[in-house]
1. Residues that are modelled with pLDDT under 85 and open to solvent by 20 Å² or more (accessible area, probe 1.4 Å): which strands (runs of 3 or more DSSP E) entirely in the stretch 90-166 hold 2 or more of them?
2. In this structure, is Cys84 modelled with pLDDT of 95 or more and out of contact with any His (no Cβ under 8 Å at 6 or more places or on another chain)?
3. For the list (1) at pLDDT below 90; (2) open to solvent by less than 30 Å² (accessible area, probe 1.4 Å), I need the number of the one condition that Trp53 fails.
Amino acid sequence: MGTNGSTMLKPLRQGLPPLDPAAVSNAASCALPARYEAVREARLFTRRTLGQWDVGDRFDDICLVVSELVTNALRHAVPGETDCLAAPQGRAVRLHLMRWTGRLVCAVRDPSHETPVPRDSDDFSAESGRGLFLVDSFSDGWGWHPLAGSLSGKVVWALFRLQAVE
């Protein structure tokens, strides 16, 4: 994916009409603590939310990608902590789910300004380093953008195309 402003958001626009924030049909978000248990909380929140929305056969893909995005945020973006278990109890990460008629976006906000970089995935048996590879494999596109103004950090997002309900 791209690494600067215009290319980072390009997959959100490829082959689809532009996103109109006013046209969001469903949206939900939750703050997550800087602990690895937050990954489970994010999965439960996502499952409950998607259970209320009709996302068809993308349910499992979306839940997997949310887990990977939140894990990456906790592992790589919580400031000054290499072990999230020791991190302050503050809410360092926020998960956003936004649904339009034909697509859904999962976005994870974190306090880091570091560019998310997929590791070379030649070794599929490695215990770590596959997160963004999985995000890329199970979503229809992903990217990131830095936050501006009073918000500090970045947002890493993944896009899912949804089947039309008949």
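1. Answer list for the stretch 90-166: 91-99.
2. Against the criterion (modelled with pLDDT of 95 or more and out of contact with any His (no Cβ under 8 Å at 6 or more places or on another chain)), Cys84 does not qualify.
3. Answer for Trp53: the failing condition is (1).
The values are calculated or read from the model by the stated rules, or taken from the named source; none is laboratory data. Here the structure is a predicted model, which is why all the values come from computation and not from measurement. Counting neighbours? That spans all protein chains shown, and the Cβs are built from the backbone with ideal geometry, glycine included. These area figures cover heavy atoms from the full protein model, side chains too; ligands, DNA and RNA do not enter into them. Shrake-Rupley method; radii C 1.70, N 1.55, O 1.52, S 1.80 Å.
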